[in-house]
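What follows is a set of notes on a single structure, which appears directly below.
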Amino acid sequence: MTLDTKPIFDILADEESGIDWNRLLTKILAAFDCSTGSIHTLDKDSQLLHVKAYQGIPELLLPKMTIIPIGKGMAGVAAERKRPVQICNLQTDESGVARPSAKETKVEGSIVVPLMLNGQLHGTLGIAKPVPYEFTAEEEETLMEIGESISRKIVS
């Protein structure tokens, strides 16, 4: 699979404007053929992750994913470890990393990467497919590069 990430990096390279979080997430989901995703940024003072954009998340889960503590759920664990966390099939996973309510998303193959720049955490990016799927090393690396570009935009 060849990823078309140019539209993503074009959005992030635009120095004239801030981030249109929903447009950015839409482009990321399209590039990785995913149906569901979210972007959270880290509040440095509270050390909590705050949602900036989401797609495909059931309404009943929104209260649980609007603000996420570091170490809780896939996003919180990716933030805590400062490295990607993925689950091939969220519906059958028993690792304890994903919260039980995450099964309500009806997604299976999912990954969350931390938004990192110069060793500093700035948030998380999570995407998922409605089928069992293991993201490749190339896809994981590309998502980390996207995360670094998002982080540059956050700190600028």
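The values are calculated or read from the model by the stated rules, or taken from the named source; none is laboratory data. Because the structure is predicted, anything quoted here is derived from the model rather than measured. Positions of Cβ are generated from backbone atoms using ideal geometry, with glycine treated the same way; all protein chains shown enter the neighbour counts. Keep in mind that these areas ignore ligands, DNA and RNA; they rest on the heavy atoms of the full protein, side chains included. Shrake-Rupley method; radii C 1.70, N 1.55, O 1.52, S 1.80 Å.
Which pairs break 23 Å Cα to Cα here: K6/K64; K52/K153; K6/K82; K72/K153; K52/K72?
K6/K64; K6/K82; K72/K153
Dipole orientation for the chain: of the candidates V51, T26, M116, V51 has the Cα lying most toward the positive pole (charges on Cβ; Lys, Arg +1; Asp, Glu -1).
Where Lys and Arg each count +1 and Asp and Glu each count -1, what net charge lies around A79 among other residues with Cβ under 13 Å from its Cβ?
Residues close to A79 contribute a combined charge of +3.
The residues of the chain expose, per residue, 51 Å² of accessible area to a 1.4 Å probe.
Tell me, what is the percent relative contact order of the chain, built from C-alpha pairs under 8 Å that lie six or more residues apart? Write down the numbers at each step before the final one.
Details: 296 pairs, mean separation 33.9, N = 156.
Result for the chain is 22 percent.
Note on the chain: GNM, Cα springs under 10 Å; of E134, E145, E16, the largest mean-square fluctuation is that of E16.
Protein heavy-atom surface of the chain, 1.4 angstrom probe: 49% of the accessible area is carbon and sulfur, with nucleic acids and ligands not counted. Between the labelled values [x] 16.7; [y] 16.1; [z] 15.3, the entry that holds Kirkwood radius over Cα pairs in Å as derived from this structure is [z].
Can you give the helix-only mean residue ellipticity at 222 nm for the chain, where every DSSP H stretch with n ≥ 4 adds -39500 (n - 2.57) and the sum goes over all residues, rounded to the nearest 500 deg cm²/dmol?
Working: 5 runs with 51 residues, N = 156.
Result for the chain: -9500 deg cm²/dmol, rounded to the nearest 500.
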